[in-house]
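Everything on this sheet refers to the single structure shown next.
The values are calculated or read from the model by the stated rules, or taken from the named source; none is laboratory data. What you are looking at is a predicted structure, and each value in this text was computed from that prediction instead of being measured. Neighbour counts are summed over all protein chains in view; Cβ atoms, including those assigned to glycine, are modelled from backbone coordinates with ideal geometry. Side chains are part of the model used for accessible areas, which takes the heavy atoms of the whole protein and leaves out ligands, DNA and RNA. Shrake-Rupley method; radii C 1.70, N 1.55, O 1.52, S 1.80 Å.
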Amino acid sequence: MSWALGLWLVLQGATVLGVAHYLRHVPADRQEEAPDGVAVLLCVKDDWDGGPDLMKRLAAQNVPFRLIVATSGACPAAEKLDFRDVQIVRAGVAHDEGQKVHKLRAALRALKPDDRYLVFIDADIEPPARLIGRLLFPLVRDKADIVTGYRLLLPDARPLLTLVGAVEMQLATLPRAASSTMPWGGAMAMTRPMAEQLELDRVLAGRLSDDMTIGLAGWHEKLRLRPVRDLLVASPLEGSGRTALSFAIRQYRHVITSSPGMWRIAALVVSVQSLGWLWALGWGGWSAMGVGYGAAWCRVMIRMRIIASVIEPDQARKARRSLIWDAVAPFIVTWTHLTIQVVGALSRRIRWGGYDYWVKQGKVVRIEKIHTRSV
């Protein structure tokens, strides 16, 4: 065996072990807590349709809570929302920060004295009934300061959408440190005192990315940021391939404009894998191909078990579409991932929710409203 093939074997073995590590730490005993004083914060766009499926899923949660829906003040569906214990917060339009951040800050200022636990969710998720209880469990038991789940994309049956889903699947099933993970704003929780300790309203001011801002602030304060590994929360991926690619690029543009060092580490990891596949296909021969595909098929089988254990059967059927690419052409997934990272680093302009933002060191320096349909 040549040294290059040996190195390739080690590299591919590490990727399999990483996914296996995630599966091993998906809890079977999914304990929940249901304390008093839970507030769920939801920011919505003006064209939100009222989220009938989301509202149904929130109503089925195992934990009682108060819902705070933050809008710009021009969302008819939010004004007509029929939900138990809901408060509508009209934040207006932001001129010096992200629209979501602007609404989130308004929601934080609208908290009542007895709101003791804060749960942050996105409007485009399909959460399980255990979502809130699982997020609260580590907080109530004092095992964490900030708790987070992560998205699991459910792509429509289109090649580019499933390819973006495959790239995101690599991120979703990465090994996560038990106390220092990066939070995802689509399913995140903290206590009210922790939000006050972080001075969340001040920290978010002028920012575009809520989760990057909160995560970096938590790291700076050396907080315990804990993942709940069974909360890979279903998130539909619909629309055109261009829309899907724009979504993926935007995620990495959030990263590089907030933490260039984090982007460099991520790009280094994917670059090594990309170069490895280039060598395997060009010079490695059948042995290298066998190693690469064998590892890919192992990852697919492990991810199938992860998917089946964390989301509903109908959701799992859609999520499994993303695994086809890793089984048939794993090198395409890796090269696409690297391309997305590189394109994400080529500009500081982030198009999101009907606005163009120019961002420097995580702060918004310029905003322009898009007069054509947002992508």
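Please compute the alpha carbon radius of gyration of segment 1-77, then divide it by the globular-protein estimate 2.2 N^0.38 Å. Two decimals is fine.
Numbers: Rg = 22.6 Å, N = 77, 2.2 N^0.38 = 11.5 Å.
That works out to 1.97 for segment 1-77.
The local environment of Val364, defined by Cβ-Cβ distances under 12 Å, has a net charge of +3 under the rule Lys, Arg +1 and Asp, Glu -1.
Centre-to-centre separation between the Cα atoms of segment 252-269 and those of segment 209-246: 14 Å.
For the chain, the membrane-span-like helices by this rule, meaning whole DSSP H stretches whose C-alpha atoms cover at least 20 Å of axis and whose Kyte-Doolittle mean is 0.5 or above, are 3-24, 260-279, 285-310, 330-344; this says nothing about an actual membrane.
Give me the one-decimal Kirkwood hydrodynamic radius in Å for segment 230-269, with the sum taken over alpha-carbon pairs.
Values: mean 1/r = 0.0846 Å⁻¹.
So the Kirkwood estimate lands at 11.8 Å.
Straight-distance candidates among the aspartates and glutamates for linking to Lys363, with alpha-carbon spacing under 19 Å and chain neighbours fewer than 8 residues away dropped: Asp96, Glu97, Glu199, Asp201, Asp210, Asp211.
Output the peptides 130-140, 351-361 sorted from most to least packed, where packing is the average of other Cβ atoms within 10 Å over each peptide's residues. Numbers along the way, then the final one.
Details: 130-140: 23.2, 351-361: 16.4.
Going by the mean number of other Cβ atoms within 10 Å, highest first, we get 130-140, 351-361.
Going by a ≥ b ≥ c, the root eigenvalues of the Cα gyration tensor, does segment 1-129 fall in the rounded group (a/c under 1.5), the prolate group (a/b larger than b/c) or the oblate group? Prolate. Rounded to the nearest Å, what's the spacing between the alpha carbon centres of segment 173-201 and segment 18-38? Just the number, please. Measuring centre to centre over Cα atoms gives 15 Å. With all projection directions averaged, the alpha carbon convex hull of segment 217-306 covers 8.8 nm².
If you sort His21, His337 by accessible surface, 1.4 Å probe, largest first, the order is His21, His337. In terms of Cα atoms, the Rg and Dmax of segment 266-322 work out to 14.8, 43 Å.
Available extension along the chain between Ala205 and Arg141 is 20.0 nm, counting 0.36 nm per residue and deducting the alpha carbon span.
Pairs from the list Lys45/Lys112; Lys103/Lys360; Lys100/Lys360; Lys222/Lys360 with a Cα-Cα gap above 28 Å: there are none. Comparing Asn62, Ala77, Ala94 along the charge dipole axis of segment 1-127, the residue lying farthest to the positive side is Ala94, per the Cβ-charge model.
In terms of Cα atoms, the Rg and Dmax of the chain work out to 20.7, 68 Å. Within straight-line reach of Lys143, meaning a Cα separation under 17 Å, sit the following aspartates and glutamates at least 8 residues removed in sequence or on another chain: Asp29, Glu32, Glu33, Glu221, Asp230. Residues in segment 325-367 average 47 Å² of solvent-accessible surface per residue, probe 1.4 Å, ligands and nucleic acids excluded.
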